[in-house]
1. Note down all Cβ pairs under 7 Å where the first residue falls in segment 246-258 and is among the charged types (D, E, K, R), the second is surrounded by fewer than 19 Cβ atoms within 10 Å (Cβ to Cβ), and they're at least six residues apart or on different chains.
2. Within segment 163-188, which residues are within 12 Å of ligand 1 (Cβ to nearest atom) and charged (D, E, K, R)?
3. Just to be sure before I move on: is T97 hydroxyl-bearing (S, T, Y), within 11 Å of ligand 1 (Cβ to nearest atom) and within 20 Å of the chain's Cα centre (by Cα) in the structure I sent?
4. In the list K166, K266, which residue meets the criterion of being of a type in the set (K, R), within 25 Å of Y53 (Cα to Cα), surrounded by fewer than 20 Cβ atoms within 10 Å (Cβ to Cβ) and more than 16 Å from the chain's Cα centre (by Cα)?
5. Scan segment 23-72 for residues that are within 14 Å of ligand 2 (Cβ to nearest atom) and among the hydroxyl-bearing types (S, T, Y) and jot them down.
6. Let me spell it out: the conditions are (1) away from ligand 2 (no atom under 16 Å from the Cβ); (2) in a loop (DSSP other than H, G, I, E, B), and K101 meets all of them except one. Which number is the exception?
7. What is the one condition in (1) of a type outside the set (D, E, K, R); (2) surrounded by 18 or more Cβ atoms within 10 Å (Cβ to Cβ); (3) over 19 Å from L194 (Cα atoms) that I236 does not satisfy?
8. Output the residue which, of all residues in segment 135-161 that are small (G, A, S) and buried (at least 22 other Cβ atoms within 10 Å of the Cβ), is nearest to K312 (Cα to Cα).
Amino acid sequence: MKNIYSNIYSFNKKILKKTVESLKRGNIVGLPTETVYGLAGNAYSKASIKKIYKLKKRPKVNPLIIHYTSLKDANKDVIFNKNFFKLYKKFCPGPITFVLKKRENTNIDKLATAGLNTVAIRFPKNNIVKTVIRSSKFPLAMPSANLSSRLSPINALDVYEEFQKKIKIIINGGKSKIGIESTVLDLTDKPRILRPGIISSKEIKKFLKTNLSHKKSRIKSPGMLKKHYSPGIPVIIGRKPSNINDAFIIFGNKYKKRKNFFDLSKNGDLKEAAANLYKIMRKIKKKGYKRIFVSKVPNYGPGIAINDRLKKASQ
Ligand code: AMP
Ligand code: MG
């Protein structure tokens, strides 16, 4: 069923067929995942990958995450290792991305991996994206469906606002449950977090029974660049605003309710706070506030991922 936006569709057999045909022709589509909405293209097609970078205005040095539904398919493109198998069993499908060595004879387009000899792979949990991948004969390269350096979308309408009619199909899968991007973990050497997420480094460390590496990354990519996840207005951390034209993001009910105060989680639940973060920042921007001030968010578990995004948004 179409709505007034005419390129946003609910999911059904007919739109599945249309989406897969579109991907086969090398087009780009907007898809829901449990983390954030993605801009999907055939990972084996140079033309598709080029379109993704162009649409997002993404620097070519920033590689894309490649999405699969089976180990068998992923095994064609990357070389697995022990840590990968352990983590796969525990956390997949889910909000975690693994950087692994690329196979010599892979069909993944070089541009998608920014010419690196590694590939970042993920097994998403969302049923819509899983069905689309399964129905295609190739994995999907799928960065977040936003212009480079901006906030990730968590609704079909957010995707529309980024790209309007520049993409022909956006599938509406409701709000992304997790609401922030996946944890990215480099497994090519001693495991190392490249981007914090809902699955925390503590959890991974405990599960692998090994310390994680804290070596600085050699890889350059916006996920690691300083400025990212920007709502398009200044973000100021650790301070309360002094006037009502500025919004204040708070965590837990420490403050008396005000019109310009926005609570990430009234119960002080960090997972809920992560799921609300982008939604609240978009809402604040839309309401016309000029700046966003943010109170302290505890720096453990999902709080580490929240603070990572806030810090980059404030650059
Ligand atoms: P996004 O644009 O939100 O999909 O984020 C993709 C993230 O995956 C980037 O921030 C990169 O850090 C990371 N990434 C993708 N491919 C690689 C790779 N081969 N090596 C290291 N990091 C990667
Ligand atoms: Mg992104």
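Computed from the coordinates by the stated procedures, all read-outs in this text should not be read as laboratory data. On a predicted model such as this, the values are computed, not experimentally measured, just so you know. Heads up, the Cβs are rebuilt from the backbone with ideal geometry, glycines too, and the neighbour counts pull from every protein chain shown.
1. Hits for this filter: D246/N260; D246/K290; D246/R291.
2. Matches in segment 163-188: E181, D186.
3. Criteria met by T97.
4. K166
5. T33, T35, Y37, Y53
6. Condition (2) is where K101 drops out.
7. For I236, the failing item is (2).
8. S152
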